[in-house]
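Reviewing the structure listed below.
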Amino acid sequence: MIGSPKVIDYLNFLLGGELAARDQYFIHSEMYAEWHYGKLYDRISHEMQDETLHAQAIIRRLLMLGGTPKMSVDGIHIGKTVPEMLQLDLDLEYQVQQHLKDGIALCEAERDYVTREMLVVQLKDTEEDHAHWLEQQLRLIDMIGLPNYLQSQMAEVSPNLA
């Protein structure tokens with residue numbers, strides 16, 4: 001099947017963002033593990049896996065449309081403190097949200113409704129799971145203070161996971 005060149009190019013653009021999100025979450029999760037914030041490690045490691053699945057779906061769609069996946073990773077931003085890491089991850093999710101919305105509009109214009117639906121599913125995950133959870137964590141830090149928040153996130157990281 002030959003897809004719209006515009007959609008193929010845009011999917012490659014989105015792929016770079018998903019790969020960057022995956023890598024940023026990977027690094028942040030390992031930092032949380034090192035600091036013994038096992039609960040944060042578990043959640044952010046899960047987010048890394050979600051981003052990997054998003055990238056995989058885009059790659060598979062690119063291949064189906066006759067495109068070649070470009071594995072160019074966008075820039076990543078690594079925080080040095082838990083609040084900074086959470087905020088950088090939230091900023092990234094907001095950026096991904098906008099890019100997905102733009103991609104959905106492009107797919108409608110190009111009449112590629114299957115790709116559009118795939119992006120809608122990813123947008124729902126990005127808005128309702130990823131971004132919302134990060135917003136909640138930053139709100140908790142404001143409400144209970146950083147020391148209490150960090151204490152609530154402490155847990156051992158399973159040896160087979162870290």
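Need a quick list: helices (runs of 4 or more DSSP H) entirely within the stretch 110-162 having at least 1 residues that are buried (at least 16 other Cβ atoms within 10 Å of the Cβ) and of a type in the set (Phe, Trp, Tyr).
Answer list for the stretch 110-162: 132-144, 146-152.
So if I check each of Asp112, Asp74, Asp89, Asp129, which one is in contact with a helix residue (DSSP H, G or I) (Cβ under 8 Å, 6 or more places away or on another chain), closer than 11 Å to Leu11 by Cβ and of a type outside the set (A, V, I, L, M)?
Asp112
Would you check which residues across the stretch 10-51 are closer than 18 Å to His99 by Cβ and without any contact (Cβ under 8 Å) to a residue 40 or more places away in the chain and list them?
Passing the criteria: Arg22, Glu51.
Mind listing whichever residues of the stretch 65-101 are farther than 30 Å from Leu150 by Cα, in a helix (DSSP H, G or I) and touching a residue at least 40 places away in the same chain (Cβ under 8 Å)?
Scanning the stretch 65-101 gives His99, Leu100.
Run down Ile58, Ile76, Ile2 and say which single residue is buried (at least 21 other Cβ atoms within 10 Å of the Cβ) and either under 17 Å from the mean Cα position of the chain (by Cα) or more than 27 Å from Met154 (Cβ to Cβ) (or both).
Answer to the selection: Ile58.
Are any residues in the stretch 1-41 of a type in the set (S, T, N, Q) and under 19 Å from Arg61 (Cβ atoms), and if so, which ones?
Ser4, Asn12
Every number in this text was worked out from the coordinates using simple rules, so none of it is lab data. Bear in mind the structure is a predicted one, so any value in this text is a computation, not a measurement. Glycine gets a Cβ as well: all are built from the backbone with ideal geometry, and neighbour counts include every protein chain shown.
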